[in-house]
Number of protein chains: 2
Amino acid sequence: MKMRSQYTCPLEMTHDIIKGKWKPLIIWQLSKGGSSLSALKKSIRGISQKMLVQHLNELLECGVIGKLTNDGYPLKSEYFLTERGKRIFGAISIMQSIGIEMMLEDDREDFLKEKGLL
Amino acid sequence: MKMRSQYTCPLEMTHDIIKGKWKPLIIWQLSKGGSSLSALKKSIRGISQKMLVQHLNELLECGVIGKLTNDGYPLKSEYFLTERGKRIFGAISIMQSIGIEMMLEDDREDFLKEKGLL
DNA sequence: CAGCATCCCCACTGATACTG
DNA sequence: CAGTATCAGTGGGGATGCTG
């Protein structure tokens, strides 16, 4: 993942961390509790395993998530949010509520347009 | 700008809107008050005029910012945050504070490493 | 001052197949 | 189950120059 070599503003750092297409969803899922790779894959519709693993590794590098591995059989791994990750989830959570508001507004606009009122 | 054709989660909508490299910074600047193109260009270090105009247009399309134009001379335009934009600024603002915390933590780590304590 | 038109590169994404 | 390897498409980002 390409990060800026230097930051003009702290804001850019947070933005770089969550800018991947699937990162907010991964963080969202992990906020519900630790999860295995396969469980995450099932819960995030449309993500390929490669992209999931790649984004997980990037989040690991940034200290947003942590990982526990059981080397024996059955193979088992668990990803979870770190404290930093939980703080970032605060921002993600707000993005979620803004998204909900926007969808409601857009639906309302569509409804009015349908009725020829807009 | 490439948006998802459909959203599994409202979160993705907000994420798509602010995912551009310069969008958080533009919103950050506009939160201080309406601004002209050239003023924005000056206040955002490293942005090219093309990228600035492009991102502004995308934000206009999403209803995050608005624009006032004066066609006469001297040429003058003013961009500003809409209500939706102000709500999104709420999320941006949190990203900023998280960024500050992360930079402080990282600096602290670097400091400890320098001293051979980590 | 405000903004468009071109050309180019590479990072992000993704499909698919393989390994321990 | 939990990954790695390979190959390919595309669009986001940037440099530069032109227009009203």
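The values are calculated or read from the model by the stated rules, or taken from the named source; none is laboratory data. Please read all numbers here as calculations on a predicted model, not as lab measurements. Heads up, the Cβs are rebuilt from the backbone with ideal geometry, glycines too, and the neighbour counts pull from every protein chain shown. Side chains are part of the model used for accessible areas, which takes the heavy atoms of the whole protein and leaves out ligands, DNA and RNA. Shrake-Rupley method; radii C 1.70, N 1.55, O 1.52, S 1.80 Å.
Hey, can you tell me all the residues within the range B:80-96 that are assigned to a helix (DSSP H, G or I) and either in contact with a Phe, Trp or Tyr (Cβ under 8 Å, 6 or more places away or on another chain) or open to solvent by less than 50 Å² (accessible area, probe 1.4 Å) (or both)?
B:Arg84, B:Gly85, B:Ile88, B:Phe89, B:Gly90, B:Ala91, B:Ile92, B:Ser93, B:Met95, B:Gln96
Pairs needed: first member in the range A:96-109, facing chain B (nearest Cβ under 9 Å); second member anywhere, of a type in the set (Gly, Ala, Ser); C-beta distance under 7 Å; at least 6 residues apart or different chains.
A:Ile98/B:Ala91
Residues A:Met103, A:Met95: which one is among the aliphatic types (A, V, I, L, M) and modelled with pLDDT under 95?
Testing whether each residue is among the aliphatic types (A, V, I, L, M) and modelled with pLDDT under 95 leaves just A:Met103.
Kindly indicate whether A:Ser5 is open to solvent by 30 Å² or more (accessible area, probe 1.4 Å) and either away from every other protein chain (no Cβ under 13 Å) or not in a helix (DSSP H, G or I) (or both).
Criteria met by A:Ser5.
Could you tell me which residue of the range B:21-36 is farthest from the chain's Cα centre (by Cα), considering only residues that are within 12 Å of DNA strand D (Cβ to nearest atom) and facing another protein chain (nearest Cβ under 9 Å)?
In this case the residue turns out to be B:Lys21.
In the range B:62-79, which residues are without any contact (Cβ under 8 Å) to a residue 40 or more places away in the chain and either more than 26 Å from B:Thr14 (Cβ to Cβ) or open to solvent by 50 Å² or more (accessible area, probe 1.4 Å) (or both)?
B:Lys67, B:Leu68, B:Thr69, B:Asn70, B:Asp71, B:Gly72, B:Tyr73, B:Pro74, B:Leu75
Hey, B:Lys76 hits all of (1) more than 14 Å from the chain's Cα centre (by Cα); (2) at the interface with another protein chain (Cβ under 8 Å from one of its Cβ atoms); (3) farther than 19 Å from A:Ile100 by Cα but one; which does it fall short on?
Looking at each condition in turn, B:Lys76 falls short on (2).
Has the range B:43-52 got any residue that is near DNA strand C (Cβ under 9 Å from one of its atoms) and open to solvent by 70 Å² or more (accessible area, probe 1.4 Å)?
Yes: one or more hits.
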